[in-house]
Amino acid sequence: MMFRRFLPAAALLMLPAMAMAADQQPAAAAQTEAGKPNPTAPLAHTPRDPEPEQVEAHIKALHDELGITKKQEALWAPFAQDMRDNGQRLHDAIEDRRGKLPTLNAVENMQSYAELVVERAHDMQTLNTAFASLYDSFSKKQRKHADTLFREGDSEHTAAQQAKAAEAQGSTATPAQ
């Protein structure tokens with residue numbers, strides 16, 4: 001019984017470490033000045049930084065997938081612009097973090113990451129507000145499709161993150177002798 005109470009708390013405490021392990025820096029960033037791999041570099045977690053072309057491709061794909069009508073374009077435009085703005089803010093924040101990372105101590109590193117997460121959360125709230133208006137304009141068929149699309153997107157994202165974490169675990173594990 002005690003284990004059942006302990007498990008959720010332990011899982012909650014492990015989330016930051018799991019998030020840090022889930023999305024590692026590119027291999028080039030894991031090199032020390034001497035050119036040797038730095039085994040702790042993956043712990044300096046920074047979220048993925050999509051290219052502007054990827055953001056635009058995502059916006060277009062989502063527009064097409066949701067079947068946005070001419071009447072809905074006026075509501076779609078602010079949502080799409082929020083995605084662009086959020087992508088640019090994320091890019092700028094990641095570049096700023098990467099520039100400072102080599103000089104940050106562990107506490108400053110964690111604080112920098114926390115600030116990045118808070119900024120992302122704020123951006124998601126803004127994006128959600130714009131999407132809510134658009135969603136309200138959807139037909140029943142569009143709503144059902146959007147619900148399925150977003151649900152599956154979360155599942156795919158979770159699966160991808162779990163695969164990355166498993167790959168990271170596999171690459172850091174030493175073979176048994």
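Using the Cα centre as the reference, give the magnitude of the dipole from point charges on the C-beta atoms of the range 104-154 (Lys, Arg: +1; Asp, Glu: -1; all else neutral), rounded to the nearest 20 debye.
Approximately 500 debye in magnitude.
Can you check what the net charge comes to around H122, using other residues whose Cβ is under 15 Å from the Cβ of H122 (Lys, Arg +1; Asp, Glu -1)?
Residues close to H122 contribute a combined charge of -4.
Expected output is a single nm value to one decimal: the length gained when fully extending between K100 and K71, i.e. 0.36 nm times separation in residues minus the C-alpha distance. What is it?
5.9 nm
On full extension of the chain, what length is gained from D49 through E108, given 0.36 nm per residue of separation minus the C-alpha to C-alpha distance?
19.2 nm
Starting from the Cα of D92, step 7 Å along the direction of its Cβ; do the same at S137; then give the gap between the two resulting points in nm.
2.7
When only alpha-carbon atoms are used, what values of Rg and Dmax, in angstrom, describe the range 78-136?
14.1, 47
Just to check I understand the Karplus step: with θ = phi - 60° and J = 6.51 cos²θ - 1.76 cosθ + 1.60, what whole-Hz values come out for the range 48-62, glycine and proline as x?
Values, residue by residue: 4, 10, x, 6, x, 5, 5, 4, 4, 5, 5, 4, 5, 4, 5 Hz.
Report ³J(HN,Hα) in whole Hz for each residue of the range 120-126, in order, from the Karplus equation J = 6.51 cos²θ - 1.76 cosθ + 1.60 where θ = phi - 60°; Gly and Pro get x.
Per residue, the Karplus-derived 3J(HN,Hα) values read 4, 5, 4, 4, 5, 5, 4 Hz.
Taken together, the values in this text are just the output of simple stated rules run on the coordinates, not laboratory data. All values reported here derive from a predicted model rather than from experimental measurement. As a convention, Cβ positions derive from the backbone with ideal geometry for all residues, glycine included, and neighbour counts pool all protein chains shown.
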